[in-house]
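A.B. asks: One structure is given below, represented as structure tokens, and several questions about it will come after.
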Amino acid sequence: MKELKKYQKIALITLCTLASVSFLYVYYHICNDSYDFNMFLRTLFTVAISFTAYYFITKFHAFFEKHYIKIVAAFLGLMLVLQIIFGYFLEITPQWDFENIYKGAISWAETGTFPNPSDYFFYFPNNLGGMWVLSIIFRIAGLFQIQNYSMAATVVNALLNVTMMLLCFCICRKLASLKTAIFVLFIFMVSLPSYFGAAVFYTDVLTMIFPVLFYYLYLKLRETQNRKWQILYLILMGLTAWIGMTIKFTVVIIAIAIAIELVIRLEFKQLLFGALVIAAIYMICNACFYHMIYSDHLDQEMCENMKLPPIHWVMMGLQGDADYSADDIAFSNGFETPKDRNPAILEEIKQRISNYGASGLKELATRKAVKCFSDGTYELTAFFYHGMARETGLNEYVTADGEHFETYQRFCSGVYLGFLFLMIMGGFSNIYRYKKGDASALSYLTPLLSVFGLLLFLVMWEAHARYITNYIPLIYISAAVGMEYLSNIRIKLFLK
């Protein structure tokens, strides 16, 4: 076993401790503040079921080793069919931001351009990427005379989701073992939102594939010594980063986590070369995209003058429940140019921070973290609540005003929080491995570190539970990898 150096041990133990302790703190407040003691029990039940499932996977390892290709293919095929079926029954009527993106994408596909209702895309150009991706899907659907654009997007979203599950399987197999890879599929199998998310082809679910794809390409990059393949993987990583970040910018967090891993490894040449290639691809694609936008669709000067800066969402995260604020939108839109707007927003941020004080900011950060990481439904209900295209019995479970929604939410959250708890326990077990100097565990940090990076970002941002959706696969990977080591050291709940 290759030994870690002293500085590596210190860095890994420090980062892993910060991440694990922070999430344990958040987990406690989720169960204590958002739910009740029963949620602790639901979490423990999920953990117990997980250890039982892993025990049987281990017991029948030879069977899985022999037939895993057929098993994985059958699982993914079934998940694809079920997601499309549920996507049909849970078809939604897009509203608000989603409506602007959806209708804009249809218009773009059919006419070559898109409307800009109430100057929406001047204020929120961050949603142009999602609209562009949907317009491509709709344009392809149109070639086959498919007019049901909602179902076309649902099918593509389902394909992306099952591909994401396959990538999670491959990542877990590379990081740990086939047992762990099978177990991560078990996690998706028992997580009900895995079946319902295809209908919500908004930016959160639509980008679930991109962080894991970027990470998988990085692992493939580490495996090869062939320079041509290395460059190819870096180009693919650059394209993945650009498409993902164009739809939802938080995809960048996985790249930062990988960069930190490379620093700990002291692989500075690899980091510099990789960063240059990926950044070059990203900048070229971004320049081409916005050249097309400004040449054919939007006035560049108006867009630059009217778009809301990132600090606007920081400001919104410092009021009330850190949710959307019409007053803050009106405040930011009250200035004609960034020269006037940005200093005013910064001044308001300083004032709000001063008003909160240290203890108030800590309490606010806790509330925001709890809000973002507490909902096991992935906050899909925020979109189902917009209005369903058809009435089915499922509506009583998945919509916030449904008769059985509370039961559904508590079940989903109990399952999800069980795996979040396994991620935390896996993080603590990694600390033990790092203390022993086990260099093979170095890559285990990156999935956990990326989720921790998302936590740090969201406590500074506007708060929504759906904002963690595209990093839920990294939570599940961390839980599965953690289970591998917890099982090996014989920490088995209710099992001999």
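The values are calculated or read from the model by the stated rules, or taken from the named source; none is laboratory data. Worth saying up front: this structure is predicted, and the values here are computed from it rather than measured. When we count neighbours, we look across all protein chains shown, and the Cβ atoms used for this are built from the backbone with ideal geometry, even at glycine. Just the protein is used for accessible areas: all its heavy atoms, side chains included, with ligands, DNA and RNA removed. Shrake-Rupley method; radii C 1.70, N 1.55, O 1.52, S 1.80 Å.
A.B. asks: Tell me yes or no: at least one residue of region 102-109 is among the β-branched types (Val, Ile, Thr), assigned to a helix (DSSP H, G or I), open to solvent by 30 Å² or more (accessible area, probe 1.4 Å) and touching a residue at least 12 places away in the same chain (Cβ under 8 Å). Let's see the steps before the verdict.
C.D. replies: We begin by selecting, within region 102-109, every residue among the β-branched types (Val, Ile, Thr); these are 106.
Filter once more, so that each one left must be assigned to a helix (DSSP H, G or I): 106.
Adding the requirement that they be open to solvent by 30 Å² or more (accessible area, probe 1.4 Å) leaves 106.
From what is left, the residues that are touching a residue at least 12 places away in the same chain (Cβ under 8 Å) are 106.
Yes, region 102-109 contains a residue that is among the β-branched types (Val, Ile, Thr), assigned to a helix (DSSP H, G or I), open to solvent by 30 Å² or more (accessible area, probe 1.4 Å) and touching a residue at least 12 places away in the same chain (Cβ under 8 Å).
A.B. asks: Taking the stated definitions as given, is Glu462 of a type outside the set (Lys, Arg) and open to solvent by 40 Å² or more (accessible area, probe 1.4 Å)? Break it down stepwise before answering.
C.D. replies: On the way: of a type outside the set (Lys, Arg): yes; open to solvent by 40 Å² or more (accessible area, probe 1.4 Å): no.
It is false that Glu462 is of a type outside the set (Lys, Arg) and open to solvent by 40 Å² or more (accessible area, probe 1.4 Å).
A.B. asks: Looking at region 298-327, which of its residues are out of contact with any helix residue (DSSP H, G or I) (no Cβ under 8 Å at 6 or more places or on another chain) and of a type outside the set (D, E, K, R)?
C.D. replies: Residues satisfying the conditions are Pro310, Trp313, Gly320, Ala326.
A.B. asks: Among the residues of region 17-35, count how many are open to solvent by 40 Å² or more (accessible area, probe 1.4 Å), over 17 Å from Glu363 (Cβ atoms) and in contact with a Ser or Thr (Cβ under 9 Å, 6 or more places away or on another chain). First the steps, then the outcome.
C.D. replies: As a first pass, look at region 17-35 and keep what is open to solvent by 40 Å² or more (accessible area, probe 1.4 Å): 17-18, 21, 24-25, 28, 32-34.
Those left that are additionally over 17 Å from Glu363 (Cβ atoms): 17-18, 21, 24.
Narrowing further to those that are in contact with a Ser or Thr (Cβ under 9 Å, 6 or more places away or on another chain): none.
Adding up the residues that qualify gives 0.
A.B. asks: Considering region 293-321 alone, what residues qualify as being closer than 30 Å to Arg367 by Cβ, in contact (Cβ under 8 Å) with a residue 24 or more places away in the chain and not in a loop (DSSP other than H, G, I, E, B)?
C.D. replies: Across region 293-321, the qualifying residues are Ile311, His312, Trp313, Val314, Met315, Met316.
A.B. asks: If you don't mind, there's one more thing I want to ask. Within region 315-326, which residues are open to solvent by 20 Å² or more (accessible area, probe 1.4 Å) and either in contact with an Asp or Glu (Cβ under 8 Å, 6 or more places away or on another chain) or under 17 Å from Trp96 (Cα atoms) (or both)?
C.D. replies: Gln319, Asp323, Tyr324, Ala326
A.B. asks: May I pose another question? Looking at Leu266, Leu236, can you tell me which residue is surrounded by fewer than 23 Cβ atoms within 10 Å (Cβ to Cβ) and part of a helix (DSSP H, G or I)?
C.D. replies: Numbers: Leu266 fails: part of a helix (DSSP H, G or I).
None of the other options fit; the residue is Leu236.
A.B. asks: A further question follows. Restricting attention to helices (runs of 4 or more DSSP H) lying wholly within region 120-215, give those where 2 or more residues are open to solvent by 10 Å² or more (accessible area, probe 1.4 Å) and under 30 Å from Gln300 (Cβ atoms). Please lay out each step first, then the result.
C.D. replies: Values: elements: 120-123, 128-143, 149-175, 178-190, 193-196, 203-206.
Qualifying helices (runs of 4 or more DSSP H): 120-123, 128-143.
A.B. asks: Check Phe23, Phe56, Phe37, Phe64 and return the single one that is farther than 24 Å from Thr180 by Cβ and among the hydrophobic types (A, V, I, L, M, F, W, C). I'd like the intermediate steps shown before the answer.
C.D. replies: Numbers: Phe23 fails: farther than 24 Å from Thr180 by Cβ; Phe56 fails: farther than 24 Å from Thr180 by Cβ; Phe64 fails: farther than 24 Å from Thr180 by Cβ.
After applying the criteria, what remains is Phe37.
A.B. asks: Among Tyr282, Tyr324, Tyr290, which is over 16 Å from Phe122 (Cα atoms) and outside any loop (DSSP other than H, G, I, E, B)?
C.D. replies: On the way: Tyr324 fails: outside any loop (DSSP other than H, G, I, E, B); Tyr290 fails: over 16 Å from Phe122 (Cα atoms).
So the residue among Tyr282, Tyr324, Tyr290 that is over 16 Å from Phe122 (Cα atoms) and outside any loop (DSSP other than H, G, I, E, B) is Tyr282.
A.B. asks: Oh, and also: Here is a list: Gly317, Gly334, Gly402, Gly360. Which entry is closer than 27 Å to Leu192 by Cα and among the small types (Gly, Ala, Ser)?
C.D. replies: Gly402
A.B. asks: Can you tell which of Ile71, Ile84, Ile92 is of a type in the set (A, V, I, L, M, F, W, C), open to solvent by 40 Å² or more (accessible area, probe 1.4 Å) and within 24 Å of the chain's Cα centre (by Cα)? If you could, list the steps in order and put the result at the bottom.
C.D. replies: Working: Ile71 fails: within 24 Å of the chain's Cα centre (by Cα); Ile92 fails: open to solvent by 40 Å² or more (accessible area, probe 1.4 Å).
Checking each option against the conditions leaves just Ile84.
A.B. asks: If you don't mind, there's one more thing I want to ask. Go through region 81-98 residue by residue and tally those that are assigned to a helix (DSSP H, G or I), out of contact with any helix residue (DSSP H, G or I) (no Cβ under 6 Å at 6 or more places or on another chain) and within 13 Å of Phe384 (Cα to Cα).
C.D. replies: Here the count works out to 4.
A.B. asks: While we're looking at this one, here's another question. Being open to solvent by 50 Å² or more (accessible area, probe 1.4 Å) and either over 25 Å from Tyr432 (Cα atoms) or part of a helix (DSSP H, G or I) (or both) narrows it down to one residue among Thr14, Thr52; which is it? Don't jump to the end; show me each part of the working.
C.D. replies: Numbers: Thr52 fails: open to solvent by 50 Å² or more (accessible area, probe 1.4 Å).
It is Thr14.
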